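Working notes, structure below.
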Amino acid sequence: MFATRSYPTSAIMCPIRNRMMLVAKLSSEHTPVTFVSRLKEIKFSHQYNVTEAQKERERLQANQSIRSEQDRAYAQALEVDKEKMRVRNEERAETAKVEQLQKDKAEVRRNKKLQHEKRRALCASKLTDDEPAPNADRNSIIQLRIKLTNGEKVGRTFNTSDKIDVLHDFVYAQTCSPRSLRVLKTYPRQPVNGCSTKLIDQALADSQPLLTLTESGLVTMETLFVESTVESDDDDSSSDEETS
């Protein structure tokens, strides 16, 4: 505000050193012609300040535009970095998940292999030298020739009264035996009744009596072969088992 003694009075403001300052007052005593003339004089005398103020405003606007562009670029770069970090974290999590899954599978395979080796050793320990004597009654013995999963052939003489698990354990004790197996007749091609790892385990778990070799359909002389019954989801472990 400014003091004046006559009305109307015009105040002329001009930007000087970043401040708006009163540079002139025009009272009502001026005629329109002198009023305009005086305005022109005031403008001319302060043109430098006006020009500098315009330059300063343009400089500030340019700086503001640069800062805005920098802020946008920074925000975009930050978003890109966040996305990269998110993708990297997802990849790390997926890698860790896959590694843990592989570790779990390896542990499962290791445990199955240990169980397989334990059972194989147990089957081997149950095999005794009580094969029938060479002069035993031919009606009381069964001579078996068995082709293993690796193509090797083994033979043994059994008593007709032997339980089917004796034949199974003899096969299972072989170094190439798979973790789960079944014994089949060559001709006609069909499973030996009750002679599989799963069936024997189930019968023992249910306290069911096992068949004798005669009851399983075996005759005096037979040629048999062994087949793996390892489940498809155990394929990774079966390769180790069958070559161990």
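The values are calculated or read from the model by the stated rules, or taken from the named source; none is laboratory data. For clarity, every value in this text was computed on a predicted model and none was experimentally measured. FYI the Cβ positions are ideal-geometry reconstructions off the backbone, even for glycines, and counts take in every protein chain you see. The protein model used for the area step is the full one, side chains on, heavy atoms only, and it has no ligands, DNA or RNA in it. Shrake-Rupley method; radii C 1.70, N 1.55, O 1.52, S 1.80 Å.
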Between MET221 and LYS126, what's the calculated FRET efficiency when r is the beta-carbon distance and R0 is 22 Å? Round to 0.05. 0.35
Enumerate the lysines that LYS118 could reach by cross-link, defined here as Cα to Cα under 25 Å, with residues fewer than 8 away along the same chain left out. LYS103, LYS105, LYS126, LYS147, LYS153, LYS163, LYS198
Would you list which lysines come within 30 Å of LYS55, measuring only between C-alpha atoms, while excluding same-chain residues fewer than 8 positions from it? LYS25, LYS40, LYS43
Given q = 0.09, 0.11, 0.14, 0.18 Å⁻¹, what are the Debye log10 I(q)/I(0) values for the chain, with equal point scatterers placed on the Cα positions and solvent ignored? -0.65, -0.76, -0.98, -1.29
Return the carbon/sulfur percentage of the accessible area of the chain, one whole number, probe 1.4 Å, all protein chains in place. 52 percent
Computed over the chain, protein heavy atoms only, probe 1.4 angstrom, the accessible area per residue in square angstrom equals 70 Å²
State the Cα centre-to-centre distance between segment 206-230 and segment 82-98 in whole Å. 54 Å
What's the FRET efficiency of ARG19 with GLU79 using the Cβ-Cβ distance as r and R₀ = 45 Å, to the nearest 0.05? 0.65
Can you give the relative contact order of the chain as a percent, counting alpha carbon pairs under 8 Å and 6+ residues apart? 16 percent
Hydrodynamic radius by Kirkwood, which averages 1/r over all alpha carbon pairs of segment 68-206, in angstrom: 19.9 Å
Between SER177, SER161, SER207, where does the largest GNM mean-square fluctuation fall for the chain, given springs only between Cα atoms within less than 10 Å? SER207
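Work out the FRET efficiency for ASN150 and ALA93 from their Cβ-Cβ distance, taking R0 = 35 Å, and round it to the nearest 0.05. Walk me through the numbers on the way to the answer.
Working: r = 43 Å, r/R0 = 1.21.
So, using R0 = 35 Å, E works out to roughly 0.25.
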